[in-house]
Amino acid sequence: MIDIPFGPDFINGQTVSLVLFFIGLLGVVTQRNIFKTIIAINIMDVGAILFLLTVNVRPTSVPPVGSTDMLRMADPLPQALMITAIVIGISVTAVSLTIFISLFRKHGSSDWTKLIHRIESR
Amino acid sequence: MQLYILVVGPILIATLGYFLPRTLFRVVLLTFQVAQTALAGYLLVIVRSEGVILQQVGGWAPVIGIALRADLLGTTMVFFTTLLYLFLFLFSVRKKYTDNMFQFLYIVIQGVTISVFLSQDIFNIYVLIEVMTIMISVLIMWKRDKQALYDGTLYLLINLFAMSFFLLGIGLLYRTLGVLNFQAMEARVAQVTDPRSLILPLSFMLTAVSLKAALMPLFSWLPHAHGTPSAPSIVSAVLSGLLVKVGIYLFIRLRDIFSAAMILDEFFLVIGAGTAVIGILLALTQRDIKLILAYSTVSQIGLIMVGLNSGITEAYWGSIFHILNHGLFKALLFLTAGAIAKEYGTKDINKIRGAIRRVPMVSIAAILAISGIIGTPFFNGAISKYLIQSGFTGVNETIIYIINFGTTLVFIKYAVMFWGNSGASRTSQPDPFVNSVTMAMGIACIVLGIAARPVIGYLFEVNVSVEGAYYADKFVAWALTVGAAIPVYYFGVRKASFFATIRQTRLSFPDMALLVTVFLASLMAWLYYTV
């Protein structure tokens with residue numbers, strides 16, 4: 001009997017979030033545009049957040065809202081933590097984009113490899 | 001004593017003080033920094049006499065909420081933080097760039113750093129480090145010139161990139177262990193039946209921590225961040241003296257937590273030695289004085305990692321003592337470098353000569369710091385380096401010798417700027433605050449060196465033996481090292497042309513990201529084959 005790894009159960013929150021994370025990683029490593037780097041880091045963050053949200057969650061779990069049954073509800077701790085992580089993600093992206101705009105205005109380029117040659121003179 | 005006062009105090013004072021007039025804010029800050037240092041010292045005394053303090057924040061049950069815990073290592077780091085901040089505040093009293101916005105960011109970083117040293121919750125630490133990253137990148141870009149903007153962006157993005165590894169690591173860890181509290185994690189790691197299930201979370205988290213600590217392939221951001229020409233010198237000093245140690249501190253914590261399941265020593269011993277050697281090589285190629293100091297930080301981090309992972313008690317505590325020592329003399333070196341560069345109007349090592357005649361006080365303080373870092377007998381660096389070295393024999397000891405010799409070479413290159421003909425007389429007015437603070441820090445290097453044994457005994461409850469005949473031996477070894485390094489520098493290093501080629505190579509951001517990925521993969525592979 002051979003297990004088929006890509007059954008319908010394979011597509012769950014955990015695998016999707018890991019795939020998202022590594023798509024983001026691929027983006028950071030391959031893209032030379034700073035804007036794309038920021039977006040790719042954001043995708044990695046989202047992947048990690050989704051991963052934490054799927055910890056201790058079964059298909060039958062209910063959201064931990066109000067007075068739900070302790071046994072049926074999803075683990076509330078990661079959900080509480082991830083609100084913080086999402087807020088951090090938003091602010092961090094906002095800061096990065098702001099800095100990117102002023103960098104672009106000063107240097108006139110958004111390409112990492114071009115920027116490095118303009119800095120070279122030191 | 002409530003531990004949260006140490007964390008909330010700086011943040012509250014910085015926020016309220018932002019709305020005060022500038023002079024009044026300074027008076028408030030001076031009072032505050034003195035009080036904070038006294039409070040941290042008092043905490044150290046309490047922890048030393050009554051043992052570890054553990055407090056739950058917000059009244060949650062243990063393990064669920066955030067706990068603050070003051071143990072000897074954490075409290076020592078807290079005390080060191082407040083002391084360094086007090087020095088740096090006094091140094092910057094007359095500087096023009098310290099307006100309210102600057103002070104706000106700068107003081108909040110103090111609160112956040114103290115919080116990292118006291119926090120017991122790994123997710124809390126993630127949040128704190130993200131906050132720290134944003135604020136530091138703003139401080140790096142303070143003067144908004146081209147170079148500073150590039151350096152700040154690079155610092156911000158590479159750290160955010162690494163911290164997303166850390167977040168995923170936390171997720172994987174929470175799935176395996178079900179807790180985020182350090183104590184609870186340590187207890188559960190001991191019960192894990194299959195240590196291999198910890199490889200994945202640990203390697204993700206350690207990759208992020210290694211980037212924070214600037215280990216071998218991941219240090220390319222450090223010279224950009226610490227050596228930005230236009231960054232205020234107190235920012236460079238706090239970055240190199242304190243904040244890079246946050247990475248090492250986290251490494252020590254993670255290593256202790258996972259020590260029941262896996263031993264990381266060999267991997268990080270090799271990485272540490274590599275970091276030390278490559279840091280020296282790159283420091284020798286630089287011409288910018290701040291970049292020389294930044295790469296020297298890289299090599300000293302390597303030395304600290306070597307000692308931490310040696311598995312020998314003396315070397316371990318020597319490394320922890322070296323964390324404090326390096327914080328002191330590297331902060332001092334950055335402060336003096338800033339003062340000298342301001343006087344000369346250039347940061348090029350080849351254009352600065354005769355500093356000891358032009359800025360005597362600052363130069364003498366810088367020479368004291370250099371004596372510390374190259375391990376001159378009776379200085380603090382000598383003791384910590386001796387302790388790190390004492391655990392090694394054979395080939396490993398030779399490597400430590402090479403590292404020490406390299407450090408001496410780097411600082412001979414650096415010290416050249418003090419001698420010779422200065423070309424002009426002093427142009428700027430001497431600043432009494434700059435002079436006295438740098439001098440006080442220089443003297444602290446000697447005091448820590450002479451009083452090393454009681455200090456180590458008091459801070460870490462360990463009794464390290466420094467043999468009686470040691471000083472004579474050490475003096476001869478030191479004299480031989482310096483004596484050999486001077487001709488090697490003048491006839492070898494100074495003329496080597498391939499250094500220019502190394503200096504021109506710079507990694508772009510995607511390359512650094514690739515190196516992070518490679519580091520993660522090799523750490524995973526190594527753990528997979530050894531555990």
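Any read-out appearing in this document is the output of simple, stated calculations on the displayed coordinates, not a laboratory observation. Keep in mind it's a predicted model, so treat the numbers as computed, not measured. Cβ coordinates were reconstructed from backbone atoms using ideal geometry, including for glycine residues, and neighbour counts include every protein chain displayed.
Once the C-beta distance of B:Leu281 and B:Met101 is scaled by a Förster radius of 35 Å, the resulting FRET efficiency is 0.35 to the nearest 0.05. Multiplying the residue separation of B:Arg22 and B:Val488 by 0.36 nm and removing their Cα-Cα distance gives an extension gain of 162.7 nm. The order of B:Met1, B:Met439, B:Met361, going from fewest to most other C-beta atoms within 10 Å of their C-beta, is B:Met1, B:Met439, B:Met361. When only alpha carbons are used to place a centre, the stretch A:57-114 and the stretch B:32-86 end up 30 Å from one another. For the stretch B:113-186, trypsin sites (Lys or Arg not before Pro) are listed when DSSP marks them as loop and at most 16 other Cβ atoms sit within 10 Å of their Cβ; the list is B:Lys143, B:Arg144.
Are there trypsin sites (Lys or Arg not before Pro) in the stretch B:57-119 that DSSP marks as loop and that have at most 10 other Cβ atoms within 10 Å, and which are they? For trypsin sites (Lys or Arg not before Pro) across the stretch B:57-119 that sit outside H, G, I, E and B with at most 10 neighbouring Cβ atoms in 10 Å, the list reads B:Lys96. Extending 7 Å from Cα along the Cβ direction at B:Leu90 and again at B:Thr15 yields two label points whose distance is 3.0 nm. Cross-link partners of B:Lys474 among lysines, defined as those whose alpha carbon lies under 23 angstrom from its own and excluding same-chain residues fewer than eight positions apart: B:Lys330, B:Lys385, B:Lys413. With θ taken as phi - 60° and the Karplus curve 6.51 cos²θ - 1.76 cosθ + 1.60 applied, the whole-hertz 3J(HN,Hα) list for the stretch B:507-519 is 8, 8, 4, x, 5, 4, 5, 5, 4, 4, 5, 4, 4 Hz, x standing for glycine and proline.
In this rough spin-label picture, where each label sits 7 Å from Cα along the Cβ direction, the A:Arg105-B:Val52 distance is 5.1 nm.
Can you sort B:Glu130, B:Glu50 from fewest to most other Cβ atoms within 10 Å of each residue's own Cβ? Please report the intermediate quantities before stating the final value.
Working: B:Glu130 23, B:Glu50 8.
Fewest-to-most Cβ neighbours within 10 Å comes out as B:Glu50, B:Glu130.
Applying both filters, DSSP loop and at most 16 other Cβ atoms within 10 Å, to the trypsin sites (Lys or Arg not before Pro) of the stretch A:1-92 gives A:Arg32, A:Arg72.
I'd like the FRET efficiency for B:Ile252 and B:Ser428, computed as 1/(1 + (r/R0)^6) with the beta carbon distance as r and R0 of 35 Å, rounded to 0.05.
So the FRET efficiency works out to roughly 0.25.
Annotation for B:Ile450 and B:Asn350: the two label points, set 7 Å from Cα along the Cα-Cβ direction, are 4.2 nm apart. Ellipticity at 222 nm from helices only: DSSP H runs of n ≥ 4 in chain B, each -39500 (n - 2.57), divided by the residue count, give -24500 deg cm²/dmol. By the rule of a C-alpha distance below 20 Å, with chain neighbours fewer than 8 residues away ignored, the lysines paired with B:Lys146 are A:Lys106, A:Lys114, B:Lys290, B:Lys342, B:Lys347. Here the residues A:Lys106, B:Lys245, B:Lys385, ranked from fewest to most Cβ neighbours within 10 Å of their Cβ, fall in the order A:Lys106, B:Lys245, B:Lys385.
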